[in-house]
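Undergrad: Have a look at the structure that comes next, please.
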Amino acid sequence: MVALVGHAGDLTHLGNATRPERTVAAGPPREDAPARPNRVRWAPVPMTARQEQEATALMIRAQQGDAAAYATLLTVLASTARHYARNRVGDVAWLDDVAQETLLTIHSARHTYDARRPFAPWFYAILSSRLIDVLRKERRVSAREVGTDVMPEPVPLATPGQRDPAVVDSAQLKSALDTLPDRQREIVSALKLHDQSVREVSARLGMSESAVKVTAHRGYKALRRLLGGKAS
Amino acid sequence: MRTEDLIADLAGRVTPVRPLLPPAVRALAWFALAAAWGGVGVAAFGARSDLTVRLLQPDYLWIAALAVLTSMFAVVVSLILSIPGAERTPVLRVSTVGILGLWTATMVRAVVAAGRGLPVSTDPHWPVCAMRVLVVGVLPALVLWVMIRRGTALRLGWTAAMAALAAASVGALAVHVACPLDDPGHGFLGHFVPVVLAAAMGIAARRRLARSLAV
């Protein structure tokens, strides 16, 4: 880890590789305006020759299985991704999502990098694509979800002290989870208790996203059966 | 999950990987296989009896050349698109669309010049040829699909359309060599339309492909 810090220290300038022109936002944002990202501008920002050389060297070592070089590279690229996204869509809450999605794609696509080609186009193609994906997802979510500041009051139960039959307590849930097969339990816990995305779980477990979804679905069905149809 | 934790997790799981061969090399390998498979198709359907004569006629050769060029360009484009950032300029993609446009124009012009319209219901053979185009194209399409899956396609609509176009063009070429019918309407419906249809199906299936590729 010390070595990593040393590497990262040498390369922190890579994180500032982007100096893109900030886009749009004619005038200051209104106080009451929802946090809607600005229009996205896609022209990739080239790295300097030195940054390119360093990133290429790290990527080659990462392709050879060098974990320290890979961690250094990912640290720098995460910072670059956040910076790039912030410059394009503003200081939104999901900058880390963009960085993480980018890192996951880099991980699964690292064999597609050809050291004879420049690193920046490869990286920025992935980054732009992931930024668009996250942007679309956030727009979908914001169009459908209600903010917590306008959350409706919870409806009280008919009789004070009466338990809602649809509610499962955590002890019940835990014991039901414990009866699931290892892989199902791990996936359901990761998705529902630790708030990980399907992509993260699939990358961690080395499974395809479809396989993760299928296993999770089986887990939910088993849980529903174990809990007598309460865990919907 | 915090980004630092994700980085630690990914770095902890990093294993050596073998970089993919350049798209041009992989395209060449695919085209060799597809050509061999097209040859198998021609052998199975039987080459037209006057092939040696037709091979000397420019109109016949022109359509064969368009099918070959479409397939070659489309496979290169689809494999380039499966590598992030490898497409530095859209020239190849535009060229492929241009060649397909030229092929379309050639077929339409021939149909119009013949003045008989499209034999949708009068020619019982065009559905057979259309099926043959798709049947011959299936194996090259599957092989190409596997090759694309080894990469990371970010523009799925284009990638799928180009892959389907490349594979169906091989089928069209095989049927062009095998089919003894020279009616332009038959050629349009039985040999050409399936190629365009395959490309359109590729675009339409991009969401499903996205799930399959998980990119």
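The values are calculated or read from the model by the stated rules, or taken from the named source; none is laboratory data. Quick caveat: nothing in here was measured; it's all calculated off a predicted structure. Ideal geometry is used to build each Cβ from the backbone, glycine not excepted, and the neighbour counts take in all protein chains shown.
Undergrad: For region B:91-100, indicate whether the set of residues that are in contact with a Pro (Cβ under 7 Å, 6 or more places away or on another chain) and either surrounded by fewer than 21 Cβ atoms within 10 Å (Cβ to Cβ) or modelled with pLDDT under 95 (or both) is non-empty.
TA: Going through region B:91-100, the residues in contact with a Pro (Cβ under 7 Å, 6 or more places away or on another chain) turn out to be none.
The answer is no, given that none of the residues of region B:91-100 is in contact with a Pro (Cβ under 7 Å, 6 or more places away or on another chain) and either surrounded by fewer than 21 Cβ atoms within 10 Å (Cβ to Cβ) or modelled with pLDDT under 95 (or both).
Undergrad: Looking only at residues in region B:5-45 that are within 14 Å of chain A (Cβ to nearest Cβ) and β-branched (Val, Ile, Thr), which one is farthest from B:LEU81 (Cα to Cα)?
TA: The initial filter retains those residues of region B:5-45 that are within 14 Å of chain A (Cβ to nearest Cβ), namely B:5-26.
Adding the requirement that they be β-branched (Val, Ile, Thr) leaves B:7, B:14-15, B:17, B:25.
Numbers: B:ILE7: 27, B:VAL14: 25, B:THR15: 25, B:VAL17: 20, B:VAL25: 14 Å.
Top of the filtered list is B:ILE7.
Undergrad: Also, quick follow-up: Can you report the number of residues in region A:200-214 which are among the β-branched types (Val, Ile, Thr) and under 17 Å from the mean Cα position of the chain (by Cα)?
TA: Quick first cut of region A:200-214, residues among the β-branched types (Val, Ile, Thr) only: A:201, A:212, A:214.
Narrowing the set further to residues that are under 17 Å from the mean Cα position of the chain (by Cα) leaves A:201, A:212.
Total meeting the criteria: 2.
Undergrad: Mind listing just one residue for me: the one in region A:118-127 that is facing chain B (nearest Cβ under 7 Å) and more than 22 Å from B:ARG13 (Cβ to Cβ) and, of those, surrounded by the fewest Cβ atoms within 10 Å (Cβ to Cβ)?
TA: Here the residue is A:PRO121.
Undergrad: If you take the residues in region A:178-210 that are surrounded by fewer than 17 Cβ atoms within 10 Å (Cβ to Cβ) and either within 12 Å of chain B (Cβ to nearest Cβ) or under 19 Å from B:THR152 (Cα atoms) (or both), which one is modelled with the highest pLDDT?
TA: A:LEU205
Undergrad: For residues that are within 7 Å of chain B (Cβ to nearest Cβ) and without any contact (Cβ under 8 Å) to a residue 12 or more places away in the chain, scanning just region A:88-116, find the one that is farthest from B:LEU154 (Cα to Cα).
TA: A:ASP114
Undergrad: Show the residue pairs that are 6+ apart or on different chains and have beta-carbon atoms under 6 Å apart, the first residue being within region B:40-68 and closer than 14 Å to B:LEU102 by Cα, the second being assigned to a helix (DSSP H, G or I) and among the small types (Gly, Ala, Ser).
TA: Once the first residue is closer than 14 Å to B:LEU102 by Cα and sits in region B:40-68, its partners that are assigned to a helix (DSSP H, G or I) and among the small types (Gly, Ala, Ser) give B:ALA67/B:SER169; B:ALA67/B:ALA172.
Undergrad: With the condition kept exactly as written, say whether any residue in region A:153-165 is modelled with pLDDT under 80 and either within 22 Å of the chain's Cα centre (by Cα) or of a type in the set (Gly, Ala, Ser) (or both).
TA: Of region A:153-165, the ones modelled with pLDDT under 80 are A:153-165.
Now drop any that are not either within 22 Å of the chain's Cα centre (by Cα) or of a type in the set (Gly, Ala, Ser) (or both), which leaves A:158, A:161.
Within region A:153-165, one or more residues are modelled with pLDDT under 80 and either within 22 Å of the chain's Cα centre (by Cα) or of a type in the set (Gly, Ala, Ser) (or both).
Undergrad: When region B:124-162 is examined, which residues are found to be at pLDDT 95 or above and either among the charged types (D, E, K, R) or on the phi > 0 side of the Ramachandran plot (or both)?
TA: Across region B:124-162, the qualifying residue is only B:ARG132.
Undergrad: Suppose the filter is within 14 Å of another protein chain (Cβ to nearest Cβ), loosely packed, with under 14 Cβ neighbours inside 10 Å, in a loop (DSSP other than H, G, I, E, B) and modelled with pLDDT of 85 or more; does A:ARG136 pass it? Steps first, answer last, please.
TA: Values: within 14 Å of another protein chain (Cβ to nearest Cβ): yes; loosely packed, with under 14 Cβ neighbours inside 10 Å: yes; in a loop (DSSP other than H, G, I, E, B): no; modelled with pLDDT of 85 or more: yes.
Judged against the criteria, A:ARG136 is not a match.
Condition check ((1) buried (at least 21 other Cβ atoms within 10 Å of the Cβ); (2) of a type in the set (Val, Ile, Thr); (3) in a loop (DSSP other than H, G, I, E, B); (4) free of Cβ contacts under 8 Å to residues at least 12 places away in the same chain) across all residues:
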site: B:LEU102; (1), (2), (3), (4): no, no, no, no
site: B:VAL112; (1), (2), (3), (4): no, yes, no, yes
site: B:VAL120; (1), (2), (3), (4): no, yes, yes, no
site: B:CYS129; (1), (2), (3), (4): yes, no, no, no
site: B:LEU142; (1), (2), (3), (4): no, no, no, yes
site: B:ALA168; (1), (2), (3), (4): yes, no, no, no
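Undergrad: Here is a further query. Can you pull out the helices (runs of 4 or more DSSP H) entirely within region B:1-60 that have at least 2 residues that are closer than 30 Å to A:GLN64 by Cα?
TA: Working: elements: B:3-12, B:23-45, B:51-54.
Fully inside region B:1-60 and qualifying: B:3-12, B:23-45.
Undergrad: Continuing with the same structure: Report the residue count in region B:61-89 for those that are assigned to a loop (DSSP other than H, G, I, E, B) and crowded, with 18+ Cβ neighbours inside 10 Å. Step through it out loud before you land on a result.
TA: Just the residues of region B:61-89 that are assigned to a loop (DSSP other than H, G, I, E, B), to begin with: B:82-89.
Retained after the next criterion (residues that are crowded, with 18+ Cβ neighbours inside 10 Å): B:82-87.
Residues flagged as assigned to a loop (DSSP other than H, G, I, E, B) and crowded, with 18+ Cβ neighbours inside 10 Å within region B:61-89 amount to 6.
Undergrad: Same structure, new question: Looking at region B:79-130 only, could you name the residues that are out of contact with any Phe, Trp or Tyr (no Cβ under 8 Å at 6 or more places or on another chain) and within 14 Å of chain A (Cβ to nearest Cβ)?
TA: If the condition is that a residue be out of contact with any Phe, Trp or Tyr (no Cβ under 8 Å at 6 or more places or on another chain) and within 14 Å of chain A (Cβ to nearest Cβ), then B:ILE80, B:SER82, B:GLU87, B:ARG88, B:THR89, B:PRO90 are the ones that fit.
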